[in-house]
Amino acid sequence: MKALTLRSARFRAERERRWRELEALIVRAEKEGVRALSPGELSRLPALYRAVLASLSVARHIAMDRNLVAWLENLCQRSYFVVYGTRHLLGEAVRRFVVDVFPRTFRQLSRHVLLSALFMLGGGATAYFATRADPERYFTFIDAQMVQHRSYSTSVEELRKTLYSDWRVDSAGDSDSGPLAAFASFLFTHNARVTLLCFALGFALGVPTFLLLVMNGFALGAMSALFVDKGLGLDWFGWILPHGVTELFAVVLGGAGGLELGHAVAFPGERTRKEELARRGRDAGVLAIGAIAMLVLAAAIEGFFRQMVDSVPVRYGLATTTAIGWIVYLGWPRRKAAT
């Protein structure tokens with residue numbers, strides 16, 4: 001026992017100086033960031049890290065003091081994240097995602113985005129023209145929950161009220177959300193659910209994603225046909241587009257992410273399906289995160305702008321500005337920062 005203690009003390013005495021040197025550098029890097037270290041200290045980090053790894057291996061092999069082994073393991077773990085880990089503050093990570101990662105991934109998967117948009121627009125166009133040709137088909141394309149007293153039997157005046165009568169204050173001073181608030185909330189919840197399901201079910205060869213996009217288009221097309229036939233097309237699109245540009249675009253991005261997953265499963269190439277799914281899943285996940293952020297923004301637009309603005313030209317102005325903004329933000333290539 002005495003020999004083991006002496007051997008442990010000698011082992012520690014011979015190497016502890018490098019352990020302490022590495023620990024001091026790691027503590028500084030954790031508190032102030034890697035940039036706080038000088039070029040000489042940065043070049044020294046890998047050598048010290050490897051030395052501590054070797055010490056840990058020896059300590060485990062010759063059954064050193066358990067406390068010493070635990071301390072070395074902790075030091076090695078912390079050192080790994082400093083030497084090899086990408087350490088970004090939350091703000092920096094968000095900025096990088098918004099400025100670079102999300103737009104770049106969108107452009108990389110532009111074909112899937114276009115395909116997703118075509119599926120939804122195709123469903124919308126089919127339902128729109130079919131419903132206008134025969135109003136009896138209205139309930140074929142739209143869920144009864146979405147109708148909410150909006151059908152061909154509803155008067156023009158009642159339909160108009162659903163676009164302008166929302167969020168009024170009654171004589172008692174209470175805010176009357178009216179039927180439009182419930183309908184807007186339902187639309188947002190519906191589109192958010194479709195967005196997430198389009199992405200999550202993409203692994204099934206993209207088939208559920210395709211069906212969800214087309215069915216979402218059906219609902220939008222049938223409802224649009226109703227308002228157009230009632231002479232309220234301009235008002236309807238003026239109500240839905242300010243937040244709908246962002247909200248529906250988010251649905252398209254969720255669908256594109258699902259199609260990317262389906263592509264990985266259907267056409268893995270030389271990789272295994274698991275490997276290809278993991279590789280493509282990262283890009284698909286970026287689109288999904290971006291889509292969720294867009295849904296939050298759409299909810300903010302729908303929640304505040306719609307309450308304050310009844311002017312149709314102003315509504316179309318916001319919709320146009322939003323559409324141009326997304327096109328420029330996501331579609332305009334950015335110059336890479338100099339390294």
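Since every read-out is calculated from the coordinates, none of them should be taken as a lab result. Predicted model, so just to flag it, every value in this text is computed and none were measured. Every residue, glycine among them, receives a Cβ derived from its backbone with ideal geometry; neighbour counts consider all protein chains shown.
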Inset, instruction - Hey, could you check region 205-234 for residues that are surrounded by fewer than 22 Cβ atoms within 10 Å (Cβ to Cβ), of a type outside the set (A, V, I, L, M, F, W, C) and under 23 Å from residue 137 (Cβ atoms) and say which is nearest to the chain's Cα centre (by Cα)? - result: 224
Inset, instruction - Report the residue count in region 257-276 for those that are in contact with a Pro (Cβ under 7 Å, 6 or more places away or on another chain) and exposed (fewer than 13 other Cβ atoms within 10 Å of the Cβ). - result: 0
Legend entry - Test for residue 78: is it exposed (fewer than 11 other Cβ atoms within 10 Å of the Cβ), assigned to a helix (DSSP H, G or I), within 36 Å of the chain's Cα centre (by Cα) and of a type in the set (D, E, K, R): no
Legend entry - Filter pass, residue 300 being surrounded by 13 or more Cβ atoms within 10 Å (Cβ to Cβ) and closer than 29 Å to residue 219 by Cα: no
Legend entry - Whichever residue in region 35-75 is of a type in the set (Val, Ile, Thr) and in contact (Cβ under 8 Å) with a residue 24 or more places away in the chain and, among such residues, is surrounded by the most Cβ atoms within 10 Å (Cβ to Cβ): 52
Legend entry - Close pairs (8 angstrom Cβ cut-off, 6 or more residues apart or separate chains): in contact (Cβ under 8 Å) with a residue 24 or more places away in the chain and more than 16 Å from residue 161 (Cβ to Cβ) in region 228-241, surrounded by 14 or more Cβ atoms within 10 Å (Cβ to Cβ) and of a type in the set (D, E, K, R) anywhere: 228/132; 229/132; 241/315
